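Colleague: Input: one structure, supplied below.
The values are calculated or read from the model by the stated rules, or taken from the named source; none is laboratory data. Keep in mind that this is a model prediction, so the values were computed, not measured. In this analysis, Cβ positions are derived from the backbone assuming ideal geometry, glycine residues included, and neighbour counts consider all displayed protein chains. Heads up: the accessible areas ignore ligands, DNA and RNA and are worked out on the full protein's heavy atoms, side chains in. Shrake-Rupley method; radii C 1.70, N 1.55, O 1.52, S 1.80 Å.
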Amino acid sequence: MARSEGQVGESSGMKILVIGSGGREHAICQSLAKDPLTTEIHCAPGNPGIATIATLHQINTEDGNAVTELATALGIDLVVIGPEVPLIAGVADVLRAHHIPVFGPNKAAAELEGSKAFAKEVMRAAGVATAEARVCTTPEEAAAALDLFGPPYVVKDDGLAAGKGVVVTHDRGEALAHAAACARVVIEEFLDGPEVSLFGISDGTTVIPMDPAQDYKRVRDNDEGPNTGGMGAYSPLPWAPANIKNEVQRTVLQPMIDEMAKRGTPFAGLLYAGLALTSKGIKIIEFNARFGDPETEVLLPRLITPLATLLMDAATGNLAGKSVEFTPDAAVTVVLAAQGYPEQVVSGAEITLPSENESSATIFHAGTEIRDGKLVAAKGRLLTITGMGATLEEARTIAYKTITRIKVAGGHYRSDIAASKQK
Ligand code: AMP
Ligand code: GLY
């Protein structure tokens with residue numbers, strides 16, 4: 001039987017069900033396993049890496065009733081939803097309706113990620129600074145918006161696109177073509193300045209900022225090639241302003257949480273602020289409604305606060321007065337992608353991992369699969385390799401030493417993650 005909210009006693013322990021199958025979910029499961037309150041970890045659908053720490057279940061994770069049935073059958077105390085697709089499909093709504101504590105926003109709140117136009121509207125109402133933008137549905141509107149803002153042009157598919165729906169280009173023809181390929185686009189002002197990912201954990205009322213991280217979105221070194229879901233990340237950011245967490249909390253996270261609560265659609269879960277530190281101050285590039293991937297693979301290994309307890313507090317409205325602490329150690333993660341990612345992924349290549357004693361980095365699985373007893377490439381981002389150290393340089397060396405020992409035909413990764421202090 002699922003417990004009702006707030007009933008979990010300190011001594012009873014927690015059975016947790018994690019939804020998702022990426023490097024993010026592997027990192028979440030690993031971090032949950034370190035919390036002494038965690039007694040069982042289940043994951044749906046999971047991956048071969050997650051299978052080493054959790055019991056896997058094959059269900060349709062976009063079906064709220066299927067997730068609720070599984071959680072009830074297992075006597076789950078907390079469900080943690082990793083990816084955006086089940087959140088936007090309303091899986092959290094069904095769990096909440098059955099009084100099962102869930103970490104992840106309801107459908108209406110997940111629209112902050114589901115629709116860029118909606119996110120812009122909420123930001124405007126909350127007084128949160130973002131790029132000026134126009135929502136366009138015809139080629140004429142798109143052309144007018146491109147000319148209004150000038151190059152470099154920023155054209156975003158309004159819907160979900162797994163990080164690949166955004167084109168930033170000096171080429172007006174390419175910008176127009178991308179606009180024509182999407183039903184509805186947001187065209188906006190280009191934001192100069194380094195990008196930072198800063199996550200707030202919220203129970204719908206209180207929001208607590210995590211340490212900032214930086215993600216590398218382009219597929220190749222020196223930020224060349226198309227956008228991806230993320231090719232690497234590091235944390236902390238030694239070059240970032242010392243007060244960045246407090247400032248983002250005060251000017252971005254809390255106003256957004258307050259505005260969503262005011263609308264009767266509270267955001268309880270992980271509010272991901274993607275920001276640019278522009279010459280005119282902090283401006284929002286995007287919000288996501290879940291942990292970033294691969295940022296999670298550097299943040300959670302640095303987290304001191306027990307994760308199961310923290311996520312349960314967020315799920316049950318108990319974050320007021322709590323804090324989230326990180327070690328000062330550095331973490332660097334590098335994504336190993338399959339041949340052809342992000343355009344034309346080739347699956348099926350066998351993956352050979354180094355033995356445990358050959359590797360001091362943590363290897364998080366993402367798009368891997370077991371076929372005929374062999375570990376093979378299944379989806380675009382295969383593995384995320386995290387090194388930890390006293391400095392970024394040390395962490396970086398450890399991550400790269402391990403990634404060079406992994407064998408997979410056609411596999412590729414960026415060689416410049418955390419190489420310079422600021423992108
Ligand atoms: P998004 O999916 O909105 O995060 O966009 C993907 C990537 O496109 C971002 O991480 C940025 O690198 C880039 N981008 C998006 N919007 C802008 C903008 N207004 N100015 C500059 N770069 C942007
Ligand atoms: N790392 C980018 C994302 O999770 O969307």
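Colleague: If you go through the stretch 94-129, how many residues are farther than 25 Å from E69 by Cβ, in contact (Cβ under 8 Å) with a residue 60 or more places away in the chain, open to solvent by 30 Å² or more (accessible area, probe 1.4 Å) and over 19 Å from the mean Cα position of the chain (by Cα)?
Modeller: Residues flagged as farther than 25 Å from E69 by Cβ, in contact (Cβ under 8 Å) with a residue 60 or more places away in the chain, open to solvent by 30 Å² or more (accessible area, probe 1.4 Å) and over 19 Å from the mean Cα position of the chain (by Cα) within the stretch 94-129 amount to 3.
Colleague: Mind checking which strands (runs of 3 or more DSSP E) fall wholly inside the stretch 310-386 and carry at least 3 residues that are under 23 Å from the mean Cα position of the chain (by Cα)? Steps first, answer last, please.
Modeller: On the way: elements: 330-337, 362-365, 368-371, 374-377.
Hits in the stretch 310-386: 330-337, 362-365.
Colleague: Can you tell me how many residues in the stretch 201-222 are closer than 18 Å to E393 by Cα and either part of a loop (DSSP other than H, G, I, E, B) or within 16 Å of ligand 2 (Cβ to nearest atom) (or both)?
Modeller: 5
A quick yes/no check of all residues on (1) touching a strand residue (DSSP E or B) at 6+ places or on another chain (Cβ under 8 Å); (2) within 22 Å of Y216 (Cα to Cα):
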| residue | (1), (2) |
| --- | --- |
| G127 | no, no |
| V155 | yes, yes |
| A177 | no, no |
| V185 | yes, no |
| L191 | yes, yes |
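Colleague: Right, something else. State which residue pairs qualify: first residue closer than 10 Å to D35 by Cα and among the hydrophobic types (A, V, I, L, M, F, W, C) and inside the stretch 292-314, second residue away from ligand 1 (no atom under 16 Å from the Cβ) and in a helix (DSSP H, G or I) in any location, beta carbons under 7 Å apart, and separation of 6 or more residues or different chains.
Modeller: Listed pairs, sorted by first residue: L307/S31; L307/L32; L307/L300; A308/L32.
Colleague: Against the condition more than 27 Å from G193 (Cα to Cα) and either open to solvent by less than 20 Å² (accessible area, probe 1.4 Å) or over 19 Å from the mean Cα position of the chain (by Cα) (or both), how does S420 come out, does it pass?
Modeller: no
Colleague: Can you name the number of the only condition in (1) open to solvent by less than 80 Å² (accessible area, probe 1.4 Å); (2) within 24 Å of the chain's Cα centre (by Cα) that T169 fails?
Modeller: Looking at each condition in turn, T169 falls short on (2).
Colleague: While we're looking at this one, here's another question. Select from the stretch 279-302 the residues that are open to solvent by 10 Å² or more (accessible area, probe 1.4 Å), within 12 Å of ligand 2 (Cβ to nearest atom) and among the charged types (D, E, K, R) and list them in ascending order.
Modeller: Across the stretch 279-302, the qualifying residues are E286, R290, D293.
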